[in-house]
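Presented below is the structure to which this report refers.
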Amino acid sequence: MSSTVIVTGAARGIGAAISSRLLQQGFTVIGLDQQAQPEHWEITQNLTAELASRWNGIQLDITDEAETKKVIEEILAQYNVVGLVNAAGILIMTSLLDAKNEDWQRTFAVNLLAPIAISQQVAQYLCAKKQGSIVTVSSNSARMPRIQLGMYATSKAALSHYCRNLALETAQHHVRVNIVSPGSTLTQMQKQLWTTDQPPAAVVNGDLSQYRTGIPLQKLAEPEDIANVVVFLLSDQAAQITMQEIVVDGGATLGV
């Protein structure tokens, strides 16, 4: 039975890039996403027949705790799961002075509480097997304050620290837990911040009025840049790496 990795937020963007890379590496991938009709997802449309034979897309709202637990149970019973990637997330732009309680609840439900529940369930399974790896996609915004991104950044900061604590507890069972924190990446989530079809100059060059430093490498990341790091952390090449956070942001957070 081939080794299987579960990926949340797999329909498009970073999650799709991670899933594609894992398929190319020979893994079976179970992709979870709230988008309807998995056969029409971005990733599904771009797979060769050979890769599609090891791909299974499942529509799932990961904030539905009971249904998610049931689906994960079924996956763990049916497949040889060796890894989990938490890539699902939402971004609600607002000032913290104006943030609504329901926006906080939705942000934390998707970005924090759902990954916690899924990670716990999969970690218990991996610990029993004494092997496996969990990688969570957080954000470089978890490392420093950002205007209009406070809810997102706060949820990701909590998620990153949860993963470090989980890594400490699972280490004795030979299960590794790591974090990848992207900066500005060419995805639909990033593009919702733009007013045209091009990234604002301030994203790359910085904006003193927004307390943004810009990106020293002078370019946005591609989803594949994030996927490459995630797949490395899942691999045996990272066998001695756990409890770590790798920031993939072109230097935007200046190594902090």
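The values are calculated or read from the model by the stated rules, or taken from the named source; none is laboratory data. Fair warning: this is a prediction, and the values are worked out from it, not measured in the lab. Positions of Cβ are backbone-derived with ideal geometry, glycine not excepted, and every protein chain shown enters the neighbour counts.
What helices (runs of 4 or more DSSP H) completely inside region 143-256 contain at least 3 residues that are modelled with pLDDT of 85 or more, buried (at least 16 other Cβ atoms within 10 Å of the Cβ) and touching a Leu at 6+ places or on another chain (Cβ under 8 Å)? Can you show your working first?
Numbers: elements: 150-170, 188-191, 201-205, 223-234.
Once the helices (runs of 4 or more DSSP H) in region 143-256 are filtered for at least 3 residues that are modelled with pLDDT of 85 or more, buried (at least 16 other Cβ atoms within 10 Å of the Cβ) and touching a Leu at 6+ places or on another chain (Cβ under 8 Å), what remains is 150-170, 223-234.
Got a number for residues in region 197-231 being out of contact with any helix residue (DSSP H, G or I) (no Cβ under 6 Å at 6 or more places or on another chain) and under 30 Å from H173 (Cβ atoms)?
Number of matching residues: 2.
Please go through region 1-40 and give me each residue that is more than 11 Å from the chain's Cα centre (by Cα), closer than 18 Å to S133 by Cα, part of a strand (DSSP E or B) and not hydroxyl-bearing (S, T, Y), ordered by number.
Of everything in region 1-40, those that are more than 11 Å from the chain's Cα centre (by Cα), closer than 18 Å to S133 by Cα, part of a strand (DSSP E or B) and not hydroxyl-bearing (S, T, Y) turn out to be V5, I6, V29, I30, G31, L32.
Please go through region 41-58 and pick out each residue that is among the hydrophobic types (A, V, I, L, M, F, W, C) and within 19 Å of the chain's Cα centre (by Cα).
Initial filter on region 41-58 (among the hydrophobic types (A, V, I, L, M, F, W, C)): 41, 43, 47, 49, 51-52, 55, 58.
Of everything in region 41-58, those that are among the hydrophobic types (A, V, I, L, M, F, W, C) and within 19 Å of the chain's Cα centre (by Cα) turn out to be W41, I43, W55, I58.
Test of understanding: among A123, A128, A109, which residue is assigned to a helix (DSSP H, G or I), under 24 Å from V229 (Cβ atoms) and either touching an Asp or Glu at 6+ places or on another chain (Cβ under 6 Å) or aliphatic (A, V, I, L, M) (or both)?
Details: A128 fails: under 24 Å from V229 (Cβ atoms); A109 fails: under 24 Å from V229 (Cβ atoms).
After applying the criteria, what remains is A123.
I'd like to know if region 92-110 contains one or more residues that are hydroxyl-bearing (S, T, Y), surrounded by 13 or more Cβ atoms within 10 Å (Cβ to Cβ) and within 18 Å of the chain's Cα centre (by Cα).
To start, the set of residues in region 92-110 that are hydroxyl-bearing (S, T, Y) comprises 94-95, 107.
Filter once more, keeping what is surrounded by 13 or more Cβ atoms within 10 Å (Cβ to Cβ): 94, 107.
Within this subset, residues satisfying the condition of being within 18 Å of the chain's Cα centre (by Cα) are 107.
Yes, there is a match, as at least one residue in region 92-110 is hydroxyl-bearing (S, T, Y), surrounded by 13 or more Cβ atoms within 10 Å (Cβ to Cβ) and within 18 Å of the chain's Cα centre (by Cα).
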